[in-house]
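Quick note: the coordinates plus some simple rules give every number you see, no bench work behind them. Bear in mind that the values here come from a model prediction, so they are computed numbers and not experimental data. Using ideal geometry, Cβ is built from the backbone for each residue, glycine included, and neighbour counts are taken over all protein chains shown.
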Amino acid sequence: MTVRGGQERGAAVESGKQSQERSRLLIVEDDEAQLRTLTAIMRAEGFEVAGCSTASEALKNLERGGFAVAVVDLQLPDLPEEQLLTRLRAVTDDVRVIINTGYGSYESARDAVNLGAFAYVEKAGDPGEIVRHVHRAFHARLRRYAEDLESAVAERTRELREANETLRLEIAERKRAEEQVKAHQHRLRSLGAELAVAEEQERRRIAVGLHDNVVQTLALAKTKLEGLAARKSSAQISQAILEIRGLVDQSVHDTRSLLFDLSPVALYELGFEPAVEALLERIQAAHRLATRFRTDGLPKPMTNDVRVVLFRGVREVVQNVVKHAQARGVGVSVGRDGETILVEVQDDGVGFDTEKTLSIHDAGRGFGLFDVRERLDYLGGSLTIQSEPGKGTTATLRAPLVPEKACPEGMSHGDSSASG
């Protein structure tokens with residue numbers, strides 16, 4: 001904008017200069033009386049007049065510019081006629097030159113016209129003739145100026161039209177690119193959500209297989225070992241059986257912990273809130289971290305997709321508290337706001353710089369939260385985190401519930417499943 005404004009101001013100055021030039025007349029005459037007379041006549045006609053009496057002064061004035069018309073006497077003391085005409089031609093491409101001489105001849109008139117003179121006038125004639133030629137010269141100069149201006153305007157208009165067309169094409173191309181980016185982003189989110197669902201289904205399948213096979217087999221082995229231990233046996237055999245039973249007990253415990261991490265049974269059999277409460281109990285037992293759970297008791301029907309992503313989000317936030325917050329306690333509250341479920345996770349830890357930590361480039365802790373945010377956003381929910389160093393952290397997860405009118409019979413309590 002600055003450059004363009006400068007160009008426009010420069011054009012305005014140049015236009016004002018050219019407007020001034022269109023009324024300036026140079027009279028070159030070595031006869032002082034004749035110079036005064038011509039000057040008075042031309043000023044009376046409304047022209048701005050400058051005069052000089054030598055060829056060198058005339059050429060200097062014309063080289064400097066600023067004159068539209070020049071009335072020149074060919075018989076000047078400091079330069080022969082032929083050289084004067086040649087020199088005038090070299091410096092007067094944009095000036096109308098009228099030759100005004102008292103010693104005219106056919107040859108000099110011919111040479112003057114051939115060298116670009118606008119008119120050739122003899123001093124002995126009618127003074128009105130030179131006045132008419134001067135007016136004609138100014139009019140011709142004005143027409144030339146108008147034509148040049150019109151041509152410049154046409155050229156500028158063409159350039160602007162081309163620039164506008166180029167800009168229109170660039171804008172259209174940019175819009176297409178933005179639409180493609182948005183489409184790709186939507187597709188990536190969609191694929192991410194589908195991947196999360198598929199992953200959870202696979203986790204669930206593996207968890208069910210482990211529960212139905214490994215855990216049941218271990219439980220049966222434990223029962224049989226207990227039966228063997230009850231029989232009369234040597235102390236050595238009884239001790240071995242007890243040790244084996246202990247190992248089986250530990251395997252059952254480890255397998256059930258793995259099942260919870262893999263796909264908590266409570267999430268599917270009891271619902272979201274009991275699963276979160278069970279998660280907090282496990283965190284408290286494993287890490288000596290005080291936990292608390294609150295719920296408003298309202299029904300919160302949700303789809304399987306929302307339930308899985310929301311539970312993963314809560315687990316990710318709580319695990320971050322355990323790993324990074326140095327907190328003494330963490331609390332989770334679950335409530336309903338219209339057709340939305342709100343889950344708040346608060347801790348009394350050291351807090352952090354949210355802008356830095358939640359960056360996608362922070363693989364240590366930020367990427368998990370970024371992933372949760374993307375999943376919730378795709379499902380119509382959100383994740384917001386408020387934290388300051390030394391002031392703890394509050395994470396708020398929001399997700400849409402199944403509208404009451406869309407709930408099948410039997411979904412009015414808790415967060416009973418909705419197929420999705």
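What the table below lists for this structure:
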quantity: Mean Cα-pair separation over length for region 48-195, i.e. relative contact order, pairs under 8 Å, 6 or more apart, %; calculated: 17 percent
quantity: Label-point separation, A219 to T340 (7 Å along Cα→Cβ), nm; calculated: 4.2 nm
quantity: Point-to-point label distance, K391-L188, nm (Cα→Cβ direction, 7 Å offset); calculated: 3.2 nm
quantity: Order by protection proxy (mean Cβ within 10 Å, highest first), peptides 312-322, 80-90; calculated: 312-322, 80-90
quantity: Sum of side-chain charges, G246 neighbourhood, beta-carbon under 13 Å (Lys, Arg +1; Asp, Glu -1); calculated: -2
quantity: Positive minus negative residues near R205 (Lys, Arg vs Asp, Glu; Cβ under 12 Å); calculated: -2
quantity: Mean Cβ neighbour count within 10 Å, used as a protection proxy, ranking 186-192, 63-69, 393-399 highest first; calculated: 393-399, 63-69, 186-192
quantity: Modelled FRET efficiency - R0 60 Å, S56 with I171, Cβ distances, 0.05 increments; calculated: 0.50
quantity: By average C-beta atoms within 10 angstrom, highest first, the peptides 30-41, 370-381; calculated: 370-381, 30-41
quantity: Length gained when the stretch V153-E32 is fully extended (0.36 nm per residue, less Cα-Cα span); calculated: 39.2 nm
quantity: Net charge of neighbours whose Cβ lies under 15 Å from the Cβ of T86, counting Lys and Arg as +1 and Asp and Glu as -1; calculated: -4
quantity: Label point distance in nm, S238-S382, each placed 7 Å from Cα along Cα→Cβ; calculated: 6.7 nm
